[in-house]
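One structure is given below, encoded as structure tokens.
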Amino acid sequence: MIYWITWFILRVISYFLFPIKTCGRENIPQKGGLIFASNHRSNLDPVLIPIACFRRCDFVAKDSLFKNNLFGRYLKRLGAFPIRREVGDVGALKEAIKRLKNGKAVVIFPEGTRVIEENDRQIQPGVGLIAAKAGKTIVPVFIEGSDKAMPPGAKFIKRNLISITYGKPIDAGSFKGLSYPEIATKIMREILKLRG
């Protein structure tokens with residue numbers, strides 16, 4: 001219940017502060033485990049994907065967001081689970097795989113952190129491991145405009161149109177024989193094909 005109340009409130013707020021233009025929603029399977037793999041430009045991004053697609057999503061969030069007990073409990077009620085980005089957090093990877101195998105949709109950012117400049121992009125192999133071990137469908141997502149609505153370091157949202165494109169699903173079977181970094185690179189390539 002808390003998830004959908006929050007979803008509704010954010011959906012209403014989005015009409016006024018960050019109107020969303022969505023493309024490719026028909027590419028999203030409505031049932032079964034699913035990875036939403038997206039580029040990452042703003043702290044708004046984990047919010048944008050669920051409220052634009054109408055499917056309940058779980059998501060990975062940096063562990064520092066859970067330090068406040070009250071806010072941490074709220075995030076967990078929304079389906080978030082923590083990851084320690086500075087180390088190889090095996091526990092977070094296992095949690096993502098478990099949720100996917102239980103039929104949930106999980107939002108993952110292959111870049112690991114917000115990336116504005118192309119030269120700063122470093123693709124993390126963790127998404128490759130999750131995709132290979134879970135064996136679930138991946139839907140590539142490209143978000144544009146969120147960095148203008150809420151740039152890194154900003155405390156307030158500036159009104160700006162945000163575009164979200166959901167690409168055609170990728171079958172995990174197509175990763176056979178590839179290493180985890182190669183899978184992650186392939187997923188990121190499909191994400192970037194959606195821009196423009």
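The values are calculated or read from the model by the stated rules, or taken from the named source; none is laboratory data. Remember, predicted model here, so these are calculated numbers, not experimental data. So basically every Cβ, Gly included, is an ideal-geometry build from the backbone, and we count neighbours across all protein chains shown.
Per-structure values
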{"quantity": "Test result for Ile187, out of contact with any Ser or Thr (no Cβ under 8 Å at 6 or more places or on another chain), assigned to a strand (DSSP E or B), closer than 21 Å to Pro50 by Cα and not acidic (Asp, Glu)", "calculated": "no"}
{"quantity": "Matching entry among Arg41, Arg56 (being closer than 21 Å to Ala131 by Cα and among the basic types (Lys, Arg))", "calculated": "Arg56"}
{"quantity": "Single residue of the stretch 20-69 satisfying the filter (small (Gly, Ala, Ser), closer than 27 Å to Arg159 by Cβ and not in a loop (DSSP other than H, G, I, E, B)) that is modelled with the lowest pLDDT", "calculated": "Ala61"}
{"quantity": "Single condition Val141 does not satisfy, out of (1) closer than 18 Å to Ile51 by Cβ; (2) assigned to a loop (DSSP other than H, G, I, E, B)", "calculated": "(2)"}
{"quantity": "Gln124, sole failed condition from (1) polar (S, T, N, Q); (2) at pLDDT below 90; (3) exposed (fewer than 13 other Cβ atoms within 10 Å of the Cβ)", "calculated": "(3)"}
{"quantity": "Tally of residues being under 17 Å from the mean Cα position of the chain (by Cα) and hydroxyl-bearing (Ser, Thr, Tyr) across the stretch 7-36", "calculated": "1"}
{"quantity": "Some residue of the stretch 9-19 being assigned to a loop (DSSP other than H, G, I, E, B), in contact (Cβ under 8 Å) with a residue 60 or more places away in the chain and either under 23 Å from Gly145 (Cβ atoms) or touching a strand residue (DSSP E or B) at 6+ places or on another chain (Cβ under 9 Å) (or both)", "calculated": "yes"}
{"quantity": "Any hit, the stretch 71-92, residues being within 22 Å of Pro151 (Cα to Cα), touching a strand residue (DSSP E or B) at 6+ places or on another chain (Cβ under 8 Å) and of a type outside the set (A, V, I, L, M)", "calculated": "yes"}
{"quantity": "Filter result (more than 17 Å from the chain's Cα centre (by Cα) and at positive phi) within the stretch 127-183", "calculated": "Gly135, Gly153, Gly177"}
{"quantity": "Answer residue from the stretch 70-94, given it is charged (D, E, K, R) and part of a loop (DSSP other than H, G, I, E, B) and is surrounded by the fewest Cβ atoms within 10 Å (Cβ to Cβ) among those", "calculated": "Glu86"}
